[in-house]
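Please read the structure below before turning to the comments.
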Amino acid sequence: MSFAIVAEPLLGIYKGHVGSGQLDPLPSPARLHAALVCAAGQGVRAVADGDGLRPCDADRDALRWLEAHPPDGIAVPGTLHNGGAATAYRKEGLVVKEGRNPLSEKLVGKPAVTGVATAGRFAWTWEQAPPEPVATALAALCPEVPYLGTSESPVRLAVAVADPTHRLDREADLFTGEGLDLAVATAGRVDALEAAHRETSVAPPLRADAHRSSEKTAAPPVVTTGLELGRYARPEPAPPPTPWTSVLLFGVDRPIPAQRRVRYAVAVHRALVALVGDGAPAILTGAYEPDVPRPSNRCAIQFLGPDAPHVGGTALALLLPREASDIDLTLIRMAAQRLRHVKVAAGPFAVEAPVEVPADEFWPEPAAGTERWWQTEPVAVPDSRPPRGGRWSLADAAALSVALVWRQELAASGRSDARYRALAAAAAGRGVRVESAVRVMDGDVGRYVHKVHQDTVIQPYRAVLSLGDLTGPRTIAAIGQSRHLGGGLLVPRDLPSDIVRRMAR
């Protein structure tokens, strides 16, 4: 929330024009400033100035503060306009000569100002509130503004708080990029508007006011002094949250076969717990007290093949979860720095000192003309037995595994089987799509899991899937029952965009 001036169109429409009569899609900061100048110079707060009125000193200071501090952001509601042109005919009381005889009360046609229907309020926001005298003056001036644009669009103006939909880009290049280029009042705007008002308020000389055979209305000149363009652009969307925030990456002295990764990950896990010693955090050990809620994800240990990024070879990756406390992460990092050798029955191995990499910048960018999909490496294992009460496939199990990793970002009600189905559906609603899921027929499926409930059937599978908008294309993650210990790693598989489009049909 920030300091803001909010405009509520009372009839649900905004009418204004710019240039030579073109529709104004939204009131600019300069239009707001001009409306406040008019209210200050002609409203109840104005003070006498000879035969006329002028803004009081407090209001003038507030208006000049606006010149020096353009809005940091604007809030634009949903709008709708028909874009059509219309002509309005009215009698203007003018004498117009047609042929030999002058005519009065002739209908004159002019382009009509069409309106923009709004679904909410406009707002101009500042990240820092103005000084107290300025804020007080603006709060008193706002109710004196009867309309923005034409008198056909009455408005209620007030000082309030609002969140912007667009922010001022002070480094914008007006020839590139996207956004709303709007007029903004700058130094000298108040003086220019007051001078123009005084000039048009003076009675014209007799010669200029003499009778003519044909008359026409003379619009006052458009004042352009003290105006410049400002680019208001929608802020970049916040990156989606990552289940694991960073990765401690260790170079490994030899490749680890896929069928042994779970066993080797268990050995690394035991070594890290031993290095931490007594009081090792549950986010690492996985052992929680009965009444303590369990996080979506714990520390995960994964192995990467000889083409692993960042280390240029086989690597051991320790994924640090987003839900871990700073104290727990410090203990884990200290233990990781001391890890050099790992004992395992199949053969010990050595690791290099770790480097830390952001989890959302782990994988390289997708190649041009491709879309990033993911493949389970080496396999994934369903997190639960198939829920009762209907059809359930490996693709559904994969979607559920994705949902359990990102369950804090998904809304799902119910309990037990009903909740599992709701989570899988919620993941699909976020764009998760399983293109293929094939069961791995292996005589020793136990090599792909460390511990599993005795009533659960182990069904390792390989899948190719899209994570939709749950995460970015460079984020490292793992899914499935063994995601914390060597299984279910999602490695990039970039597919040509035309193939993806054909798959979607």
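Some observations on this one:
- Relative contact order for the chain, counting Cα pairs under 8 Å that sit 6 or more residues apart, in percent: 15 percent
- Cross-link reach list, aspartates and glutamates versus K91, counting only Cα pairs under 12 Å and skipping chain neighbours closer than eight places: E105
- Listed peptides 335-347, 421-433 by packing density, highest first (mean Cβ within 10 Å): 421-433, 335-347
- By the count of other C-beta atoms within 10 Å, a proxy for reagent exposure, T136, T242 are ordered fewest to most as T136, T242.
- Cα-based helix-to-principal-axis angle, 189-201 vs the chain, degrees rounded to 10: 20 degrees
- The charge dipole of the chain, taken about its Cα centre with unit charges on the Cβ atoms of Lys, Arg (+1), Asp and Glu (-1) only, comes to about 1960 debye.
- Centre-to-centre, using Cα atoms only, the stretch 317-394 and the stretch 187-208 are separated by 72 Å.
- Ranked by the mean number of other Cβ atoms within 10 Å of their residues, highest first, the peptides 359-365, 404-410, 481-487 fall in the order 481-487, 404-410, 359-365.
- Listed by chain and number, the aspartates and glutamates whose C-alpha is less than 13 Å from the C-alpha of K451, apart from same-chain residues fewer than 8 away, are D383.
- Set of aspartates and glutamates with alpha-carbon distance to K15 below 16 Å, sequence-local pairs under 8 removed: D24, E152
- Principal-axis tilt of helix 394-405 within the chain, Cα atoms, nearest 10 degrees: 70 degrees
- Mean-position separation - Cα centroids, the stretch 420-441 and the stretch 233-292, in angstrom: 24 Å
- Taking the square roots of five times each eigenvalue of the Cα gyration tensor of the chain, the equivalent ellipsoid has semi-axes of 68, 26, 20 Å, listed largest first.
- Sorted peptide list for 53-60, 310-317, criterion being average Cβ within 10 angstrom, highest first: 310-317, 53-60
- Evaluating 6.51 cos²θ - 1.76 cosθ + 1.60 at θ = phi - 60° for every residue in the stretch 65-75, the Karplus couplings come out as 5, 5, 5, 7, 10, x, x, 6, x, 9, 10 Hz, glycine and proline recorded as x.
- Helical runs (DSSP H, four residues minimum) scored at -39500 (n - 2.57) apiece and divided by the length of the chain put the mean residue ellipticity at 222 nm at -7000 deg cm²/dmol.
- Long-range amide H partners of R322 with built H, under 5 Å: W244, T245
Every read-out reported here was derived from the displayed coordinates using simple, explicitly stated rules and does not represent laboratory data. Please read all numbers here as calculations on a predicted model, not as lab measurements. Here Cβ is always computed from backbone atoms with ideal geometry, including for glycine, and neighbour counts include all displayed protein chains.
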